[in-house]
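So the structure is just underneath, and the comments pick up after that.
The values are calculated or read from the model by the stated rules, or taken from the named source; none is laboratory data. Here the structure is a predicted model, which is why all the values come from computation and not from measurement. Using ideal geometry, Cβ is built from the backbone for each residue, glycine included, and neighbour counts are taken over all protein chains shown. These area figures cover heavy atoms from the full protein model, side chains too; ligands, DNA and RNA do not enter into them. Shrake-Rupley method; radii C 1.70, N 1.55, O 1.52, S 1.80 Å.
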Amino acid sequence: GFTCAAANEMEAERFQELAKVMKKKNVKLEEDQLSCLVKMVTLHGIPKDLDSYPKDLLLFLSSSDYAATGSCRQYFANIGKANLDVLQRESPQRKQLLLEALACLKIPGTQVNEENAEILGRLVCDLGGEYIRSSGGNLLKQLNQCESFLPDQEEAIRSVISSGNTTFGPLVAWSAFTLNELSGLIPVFDHSILQKIPKNALTLWLKNFAHDSPLSREQLATIVEELLPTRHKRADGCPPGRQITEKVLNDDLMPIWYTPGELRACLKNVSLENHLSQILTYSFTTQQLAVLKTNLDETYPDGYPERLIPKLGPLLSFITLEDISRWKITSADTLAALLKDQPPDDQASAIIKRYIGLGNALNVTALNAIGMKYVCLLNANELNAIDSNSLKLASLNLSACSQLAKDILYAKAKRAFSDEDYLPAYYGLIEPYLGGAPGADLRDLSKDNVNMKVSTLAKLRTDSLMSLTPSEVQGLLGMNLGDLEKWQNKFPIREWVQRQKQSELDKLHVGLTGGTQEGYMNIVIPKFQSPSSAPLGTVAMTLHLLPALLISFLMMSVLS
């Protein structure tokens, strides 16, 4: 809940105490929160006890900032333990951290030894494929912790694993314990790797370790695929001894015991309703899931009962728009369950419209289900039907919405939070809706020390932003004013800068250039907005008008 707006209410020393407590409590902070935190902590200079602060804070400082606390090796050892994913994968900051780390550890080529790999920690996740190949198995332990990989990294990992020249040995000698040690890399393994691992090792791993692995149900299904016969014989009936009993339905290894054909034959006359939620957590392959969907269709030819719909989970990918048109979605909880698995937009839109079409209200539960991903699918009539008070407890993400949607929801949010507009917490409540705020409301906010992020400023209504003066923008940004320089060549900040007098921009002392010089006028010619895209911006043409010519023109106008 920590925000920059709240930071203004605290003295710098008290704020440093708060930051240290955040480390003790292992508080997880996001990029914007950390960016604000580092500005407040370093307000009166770099502290000499940076190890007392959250490790993630170091992502926004340099090794030279850390010099009073420790060596560059110590700095990067801490960075290696920080949550690197706070920074975007390809961001300049993250790339620079890796380059500085390699220089600090004096790694001239592409071969990294185990000691340096240990220091680099999560920074290993950003090393290219050439480093992974050259370092052999030295990086596997760290790579195992990575959230995702680029294609060249995946290829390099497969090459190293396939070679067998690692401490884990050749694939044919792997055990379930080996797989457990490298479970984070299993999604990278292709058929050529999985087929060489003993099947009993894969089965034991699924049985004993899969529950605690970071792999998704879909990723586990690739292992099940390897364990099933490559050629599926057509099943004339359920094979002897393979009947699906209560015991089978309660066995999470059920997918490896049945080919799709056998599953189809053995499911006849078996009701899945009481076990659906449970068995859909199992690692069924795509073909097996299709069989389960067919079974439900045969059981409920006129459409699924509402009690069943929230349990569909991975079967949603097989659901057609025609299926949805037959559903009775009368509960906001059912709507939330359906949208929780993030179906594609066309499917989500059909689900939402079916819910609304049956006369259901967009209450708080429904809005929270729709909000973070699907609110922009609502049309103007549906948005206008939302009760303003519902926004008090809803979390919405309007970043991809049309300007009309942002305008409608801002007006509703302003009404919803009107009784709190004098409190420091007001800005945190209204911020998600500011893309629809008129200039007058932004000018009022500029007097309240809200410490707006530049990324929020850039998402304001273009006409509202252009109406703001440099001093008003300074009031909005507060401690984030220095970040404005990094955005001055991006739309719409560039267009705003070009509209301002350079002398006024200079008063901000943040290095903004490109404003209007004295004796010049800016004539701004707007481009027509494309109906399918965001505003494309404006083209500024600057004409130097000599005072004498201007006076002559005015005199001629009067005389004529």
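Annotations for the structure displayed:
- In terms of Cα atoms, the Rg and Dmax of the stretch 1-151 work out to 16.3, 52 Å.
- Alpha carbon centroid spacing (whole Å) that separates the stretch 317-370 from the stretch 157-209: 41
- Percent antiparallel among DSSP beta bridges (both partners in the chain, rounded to 5): 90
- Nearest-ten-degree value, helix 92-104 long axis tilted from longest Cα axis of the chain: 80
- The alpha carbon convex hull volume per residue for the stretch 232-299 rounds to 86 Å³.
- Across all Cα atoms of the stretch 168-227, the radius of gyration (one decimal) and Dmax (whole number) stand at 10.1, 28 Å.
- A Cβ-based charge dipole, computed about the Cα centre of the stretch 232-299 with Lys and Arg at +1 and Asp and Glu at -1, lands at about 240 debye.
- Cα-based reach from K81 at 13 Å (exclusive), listing aspartates and glutamates while leaving out same-chain residues under 8 positions away: D51, D56, E118
- Amide H to amide H distances under 5 Å link T516 with Q500, K501, Q502, where only residues 5 or more positions off or on other chains count and H is placed in the peptide plane.
- The stretch 177-319: Rg to Rh, with Rh as the Kirkwood radius over Cα pairs: 0.97
- Cross-link pairs K412/K501; K24/K392; K414/K501; K24/K507; K23/K95 - those with Cα-Cα distance over 29 Å: K412/K501; K24/K392; K414/K501; K24/K507
- Cα convex hull volume per residue for the stretch 366-518 (Å³): 103
- Taking the convex hull of Cα positions in the stretch 437-516, its mean projected area over all directions (nm²): 4.3
- Volume per residue of the C-alpha convex hull in the stretch 156-201, rounded to whole Å³: 68
- Under 30 Å between alpha carbons - lysine pairs in the stretch 131-272 that sit 8 or more apart or on different chains: 15
- Evaluated at q = 0.15 Å⁻¹: base-10 log I(q)/I(0), Debye formula over Cα of the stretch 44-122: -0.50
- The stretch 232-299, accessible surface, carbon-and-sulfur percent (1.4 angstrom probe): 47
- Above-threshold pairs, the threshold being 18 Å between Cα atoms, out of K453/K490; K39/K453; K39/K486; K353/K373; K328/K353; K55/K486: K55/K486
- Helical mean residue ellipticity (222 nm; -39500 (n - 2.57) per DSSP H run of 4+; nearest 500) of the chain: -12500 deg cm²/dmol
- For the chain, the equivalent ellipsoid derived from the Cα gyration tensor has semi-axes of 51, 36, 22 Å, listed largest first.
- Seen from S349, the other residues with C-beta closer than 14 Å to its C-beta sum to a net charge of 0, counting Lys and Arg as +1 and Asp and Glu as -1.
- Trypsin sites (Lys or Arg not before Pro) lying in DSSP loop within the stretch 171-251, provided at most 13 other Cβ fall within 10 Å: R231, K233, R234
- The dipole here belongs to the chain: it is taken about the Cα centre, uses +1 on the Cβ of Lys and Arg and -1 on the Cβ of Asp and Glu, and is about 440 debye.
- For the stretch 328-405, trypsin sites (Lys or Arg not before Pro) meeting the loop criterion (DSSP other than H, G, I, E, B) and having at most 15 other Cβ atoms within 10 Å: K328.
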